[in-house]
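Worksheet for the structure shown next.
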Amino acid sequence: MMYIKRDIEEKIIALSKEYSCVLITGPRQVGKTTVLKQLMNDDREYVTLDDLEERRLAKNDPALFLQLHNIPILIDEVQYAPELFSYIKIAIDNGAAPGSFWLTGSQAFKMMELAQESLAGRVAILHMPSLSQHEIYGKGKNTPFIPDLELLKERRKNGSPVDLNEIYERIWKGSLPGYVSEKFSDRNVFYSSYIQTYIDRDVSELISNVDKLAFRDFIRAAACRAGQMLNIHDIAQDVGVSDDTAKRWLQVLEKSDIIFYLRPYSNNLLKRTIKTPKMYFFDTGLIAYLTRYSSPEILQNGAINGAILENYVVSEIIKSYHNCAEECLIWYYRDKESNEIDMVMESDGVLNPLEIKRSVNPGSELIGAFSILDKGSVPRGKGAILCMRPELSAINADNFIVPIWMI
């Protein structure tokens, strides 16, 4: 198994010199523990709360747990013992050195809520996504994606052109380290085990007496609609559950970082915008597995080829921000006249519209909807079409053509 260097490593090291506690959240099996073990020195103790005895002690007597283990310490899966947070706070207030506590948790919403309640101002929280395209296939330093010409020219140096076939190979293969690093070679067994473990451990903890087979079908029904506007009723009907149940289950998928949403962009000057969010998965390999596409070639020509490409691009852009510990302000735009912009990013006080296309030679008509943003209260900045063109190009001075391999 090869270790894949993570873009977030520099940020972890830097924050460990300033904060006594660093908390890494993120989905299951994205490599949180692996990267921290790679970075830690021999003097740091490692404890996982997957160990039931350690978990029992941490929950029932957190003070004794911290007395038994040496600092600096890495505590894995800390969400199983939230009782520890109050005692970590006491240790920090008593002068614990920077970097004393490294924590990981795979339920990001719950972890952030607990940490912010107990460790406000004392903890640096980083969200670690699955592997990015840059981490797997690129080189050089990661930077947040933004359609600025000089930054795009720098970004171009960190990758190499690939064609449509290779992009769909990347999409189909996914971004989970266990499979990408070749630790596991059977893709179907890997993803089947991933889903089973996720339901048995995370979902069962969040939903008492959950119907595991129905929930598995539910994830598959959601995957079939990745990259589309959310329709809870349709998903519920596919699985045979109520709309209320489907809504609760989607909240579980979001809380455990399986899915995320793009909310529709709107402001007080744009009156006729759609209010429904669009749903995406963080890992396109999981979508391809759940929708039963057995090869990249079949996926490339399948019914979801456009939606899964959009999902890939959106998730990669968000990863470029998460890996720099920066917030990504991103929406999509659609109004009641069916004008649509795939992504609207806000940065430095301007809106950057982005369109995603499979085309190698996109036409200027694709940026037609961008001007709608001029009616709003935030000025429009540079735009881009993200597509399969092999090299960086432009429609005009304000709108670039950016190859997807550059994201």
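Laboratory data are not the source of any read-out in this text; all were calculated from the coordinates shown. This is a predicted model, so every value here is computed, not measured. Reconstructed Cβ throughout: ideal geometry from the backbone, glycine too, with neighbour counts over all protein chains shown.
Numerical summary
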read-out	value
Amide H contacts of Met128 (H built 1.01 Å from N, under 5 Å, at least 5 apart or other chain)	Thr25, Gly26
Gaussian network model of the chain, Cα within-10 Å springs - most flexible of Ala223, Ala120, Ala97	Ala120
Most mobile of Leu286, Leu392, Leu270 in a GNM of the chain (Cα contacts under 10 Å)	Leu270
Among the listed pairs Lys11/Lys157; Lys153/Lys278; Lys5/Lys382; Lys37/Lys153; Lys32/Lys89; Lys17/Lys278, those beyond 27 Å (Cα-Cα)	Lys153/Lys278; Lys5/Lys382; Lys37/Lys153; Lys17/Lys278
Among Arg380, Arg56, Arg187, residue whose mean-square fluctuation peaks in a GNM of the chain (springs only between Cα atoms under 10 Å)	Arg56
Space enclosed by the convex hull of the alpha-carbon atoms of the chain, per residue, Å³	153
Ascending count of other beta-carbon atoms within 10 Å, so fewest first, for Ile401, Ile75, Ile395	Ile395, Ile401, Ile75
